[in-house]
Each structure stands twice: as structure tokens, then as C-alpha cells.
Amino acid sequence: MTALTAAPVRIDVRPGRPARSRHLVSVPTGDAVTGRAPASLRLTRRGRLAITTATVLVASIAGATMAFGGPAATPQTVTVEPGQTLGQIAATELSDVPTREAVTRIQLANDLPSSHVHAGQTLTIPAP
């Protein structure tokens, strides 16, 4: 089976030469098409720039994560002394955080239903 396609026309306006007219070209289709080797991959300047930029970006993110992320801080634990309250522990251990917020953080970290603590109880102090 074949198909007919129209080829582009080149009109020559120079005198002395006859102008070319349109003509049809037979193009093979289906089983008549022979396999052609795929064209080799060509990396353009824009492609090289995109690959280089992506590589530098990934390396920068990985480096920043390693430099600034650091290892996770191990949680600090405190044993409640007799007569000590959760507010006192919060004020002592998390001095840079408002006391009310520090008490809430300690309650959440230790699954405490209230702010009552008992002597000898071990509490985990979250990172500020």
C-alpha cells in the first residue's frame, strides 16, 4: 500500500528557467516501510545547562541537609524530685520558652493527662 503526499513547491522567479510545478511523491506505508536506525541522541546547549543546573541543585540540597540538619538531638530526661511541680521543671529545663507553652510541650511529650506529677516520675523534656 502506498500513500501520496504533496511536496513543497519551490518557485524560481529567474527568467530563462521554467517554474517547477507541484508534484506528488509516493511514500511507502505499512509493511513496505523499512526499519531505520534511530537517530543518535544530541544534547543541546540548553539540555547541558538543564542537567548541570539540576545536578548542582541536588548536590546543594544534599550538602545543606548534611551540614545544617545534623544528627537528631537525643531527648533529655528528668526525674521529678519531692515537692517539685511541672511548672518548675518547665521553667528550669525550657527557660527560653514561655512557662505555659513549656508545660504543654512536656505534657504532650510524656502523654500526661494533667499537669500533676509525682516524685520519682521520669519525664522526657522535648527539644526547644
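Points worth noting:
- Selection count, segment 89-112, where residues are among the hydrophobic types (A, V, I, L, M, F, W, C) and within 15 Å of Ala127 (Cβ to Cβ): 7
- Taking each residue of segment 97-115 that is closer than 10 Å to Pro128 by Cα and looking for partners that are in a loop (DSSP other than H, G, I, E, B) and open to solvent by less than 40 Å² (accessible area, probe 1.4 Å) with beta-carbon atoms closer than 8 Å, six or more apart or interchain, yields Ala102/Leu94; Arg105/Leu94; Arg105/Val97; Arg105/Pro126.
- Residue within segment 73-83 that is within 29 Å of Ala127 (Cα to Cα), small (Gly, Ala, Ser), loosely packed, with under 10 Cβ neighbours inside 10 Å and modelled with pLDDT under 90 present: yes
- Residue ID - most open to solvent (accessible area, probe 1.4 Å), chosen from residues in segment 50-72 that are more than 19 Å from the chain's Cα centre (by Cα) and either modelled with pLDDT of 90 or more or over 30 Å from His116 (Cα atoms) (or both): Pro71
- Scanning segment 114-123 for residues that are at pLDDT below 90 and under 40 Å from the mean Cα position of the chain (by Cα) gives no hits.
- Selection count, segment 85-98, where residues are buried (at least 16 other Cβ atoms within 10 Å of the Cβ) and of a type outside the set (Asp, Glu): 5
The values are calculated or read from the model by the stated rules, or taken from the named source; none is laboratory data. The model shown is predicted, which means the values in this text are computed figures rather than measured ones. When we count neighbours, we look across all protein chains shown, and the Cβ atoms used for this are built from the backbone with ideal geometry, even at glycine. For accessibility, only protein heavy atoms count, side chains too; no ligands or nucleic acids. Shrake-Rupley method; radii C 1.70, N 1.55, O 1.52, S 1.80 Å.
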